[in-house]
1. Give the range 423-458 a look and list any residue that's among the hydrophobic types (A, V, I, L, M, F, W, C) and either over 20 Å from L325 (Cβ atoms) or away from the ligand (no atom under 13 Å from the Cβ) (or both), or say none.
2. What are the pairs, 6+ residues apart or on separate chains, where a residue within the range 1-30 that is modelled with pLDDT of 95 or more has its Cβ under 8 Å from a residue that is assigned to a helix (DSSP H, G or I) and within 13 Å of the ligand (Cβ to nearest atom)?
3. Can you tell me which condition Y481 does not meet? The list is (1) surrounded by 15 or more Cβ atoms within 10 Å (Cβ to Cβ); (2) part of a loop (DSSP other than H, G, I, E, B), and all the others hold.
4. Quick one: G489 ticks every box in (1) within 15 Å of the ligand (Cβ to nearest atom); (2) at pLDDT below 95 except a single one, so which number is it?
5. Would you point out the residue of the range 193-236, among those that are within 16 Å of the ligand (Cβ to nearest atom) and aliphatic (A, V, I, L, M), that is farthest from Y167 (Cα to Cα)?
6. Would you point out the residue of the range 425-459, among those that are over 23 Å from L371 (Cα atoms) and in contact with a Lys or Arg (Cβ under 6 Å, 6 or more places away or on another chain), that is surrounded by the most Cβ atoms within 10 Å (Cβ to Cβ)?
7. Restricting attention to the range 324-355, and to residues there that are part of a loop (DSSP other than H, G, I, E, B), at pLDDT 85 or above and touching a Phe, Trp or Tyr at 6+ places or on another chain (Cβ under 9 Å), which single residue is farthest from the ligand (Cβ to nearest atom)?
8. Can you tell me which residues in the range 388-409 are loosely packed, with under 14 Cβ neighbours inside 10 Å, under 25 Å from F3 (Cβ atoms) and within 13 Å of the ligand (Cβ to nearest atom)?
Amino acid sequence: MVFPKTFLWGGATAANQFEGGYLDGGKGLSTADVMTSGSHTEPRRITWLNPETKETGSGTMQFGSNTTIPEGTIPAVLEGEYYPSHQATDFYHHYEEDIALMGEMGFKTFRMSLNWARIFPNGDDAEPNEEGLAFYDKVFDECLKYGIEPLVTLSHYETPLNLVIKYGGWTNRKCIDFFETYAKTVIKRYEGKVKYWLTFNEINCMEFGPFMAGGISNGTPQNKAQGAHNQFVASAKVVKYAHELSQDIQVGQMLAYQPMYAYSCDPKDQLFVMESMQAMLFYSDVQTGGKYPEYRIKKYEREGIVLEDCPEDYDLLKNYSADFLSFSCYGSSTLTTHEDVLEASGNLLMGIKNPYLKTNAWGWATDPACLRLAMNTLYDRYHKPLWVVENGIGWADELTKEGKVHDDYRIEYLRQNFKSMDEGINQDGIELLGYTMWGCIDLISAGTGEMKKRYGFVYVDRDDEGNGSLNRIRKDSFHWYKKVIETAGEEL
Ligand code: BG6
């Protein structure tokens with residue numbers, strides 16, 4: 001197995017899970033800053049305050065479910081609560097060391113996100129925060145020192161909190177303008193340093209986690225549809241601006257993708273899978289395909305959903321669709337309509353247990369075929385370059401007394417996934433730009449807020465209560481991945 005010479009090997013992170021420094025350098029609050037930690041069995045919570053009565057409270061925010069914040073209250077940071085994103089694993093103060101570790105592994109690319117509230121603390125500010133901009137300048141310069149190409153997500157589950165409180169988050173069309181201003185500011189500022197941009201992380205998270213995806217506190221079907229529409233239009237505007245600025249800049253979509261299997265050959269199960277696939281692919285049909293698909297238009301008609309839109313929106317979507325389609329893919333899900341086989345499952349739309357696949361401690365099914373399946377479905381549909389920007393396995397890694405982490409399970413998972421990716425490229429002829437393993441340096445989990453659910457090649461000494469030295473320790477997979485990159489996948 002040999003991957004193309006130009007293949008961009010690397011790793012991925014997100015500001016709210018990695019960066020910390022939550023009030024440093026003039027940063028404002030974001031949605032992630034009001035989310036507590038949870039576990040596999042206990043959902044994360046959003047905390048809130050009633051500004052008039054001063055009453056406080058919280059509600060569950062499990063990744064994959066919905067939350068309604070009571071009327072009269074606003075999401076807020078409360079005393080006595082622990083918020084894992086506030087320090088996360090402190091990339092803010094460790095970026096030089098972290099990027100050096102990436103350089104040592106031979107990374108060709110590093111996917112990271114900007115914290116919008118670090119640049120525009122309130123989201124609607126007239127001027128950007130220079131200190132925030134300067135921080136990312138240093139980060140990009142450091143990357144370029146090691147020949148690492150940054151791949152930057154503009155919004156990864158971190159809408160400025162003020163936009164939620166004042167405007168209702170992405171349900172409000174004003175967010176399109178705020179986002180456009182933010183995107184133009186950073187794309188211009190980092191021109192020559194950043195070539196690859198992504199607009200919204202896992203834009204289809206709007207379907208099952210609208211607070212995380214768009215700061216939408218009341219996730220009714222109408223609000224979710226409007227939130228998605230506004231993000232599509234905002235994305236198209238970013239593509240337009242980037243292309244006008246420079247031929248070199250490319251703006252991609254980011255989709256959470258999962259191959260879905262029908263549990264049985266009952267036609268009802270097949271139809272259920274088809275509809276569930278539509279709920280996911282709707283987002284790439286619009287953002288990468290350039291138009292609203294008929295099945296979604298009919299669904300909105302049936303459900304009485306009416307979008308606040310204008311004819312120009314649809315011209316923008318058509319003329320400025322994404323340049324490439326990136327996606328996350330961790331495994332597959334198995335679905336059924338048969339009540340008797342339905343059972344509780346892990347994160348996202350993980351479905352029911354597939355007897356042919358292993359799961360990790362959080363119930364995520366690892367599937368050696370998932371990347372090839374994902375690549376084929378998406379390439380056949382759009383014929384645009386793809387990029388695997390998230391893949392990996394969460395594990396409660398153990399640090400031995402000798403200071404080692406023997407993560408052979410991670411190496412095995414990645415080996416199988418790389419074989420699947422190789423088949424997609426070399427057997428099926430798919431254009432794949434690169435691969436960034438999720439959480440390349442340990443960070444906090446988005447779904448549970450835990451530290452224990454680790455993905456990295458590098459272990460970070462920090463626990464679920466926020467204790468630890470934050471020291472970085474190379475795991476066995478660090479040395480293995482370095483070899484994979486060195487040999488372009490020949491030595492797995
Ligand atoms: C993706 C998100 O859905 O999955 C990441 O883009 C997230 O932010 C990753 O961390 C893994 O999920 P989790 O819940 O294990 O952190």
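The values are calculated or read from the model by the stated rules, or taken from the named source; none is laboratory data. Nothing here was measured: the structure is a model prediction, and the numbers come from that model. With ideal geometry, Cβ positions are generated from the backbone for all residues, glycine too; neighbour counts draw on all protein chains shown.
1. Within the range 423-458, I425, I430, L432, L433, C440, I441, L443, I444, A446, M451, F457, V458 qualify.
2. N16/A32; N16/S85; Q17/A32; Q17/S85; G20/S85; Y22/S85; S30/N16
3. Here Y481 meets the rest and fails (2).
4. Single failed check for G489: (1).
5. The residue in question is L198.
6. Within the range 425-459, the match that is surrounded by the most Cβ atoms within 10 Å (Cβ to Cβ) is G449.
7. Looking at residues that are part of a loop (DSSP other than H, G, I, E, B), at pLDDT 85 or above and touching a Phe, Trp or Tyr at 6+ places or on another chain (Cβ under 9 Å), I get H338.
8. Result: no residue meets the conditions.
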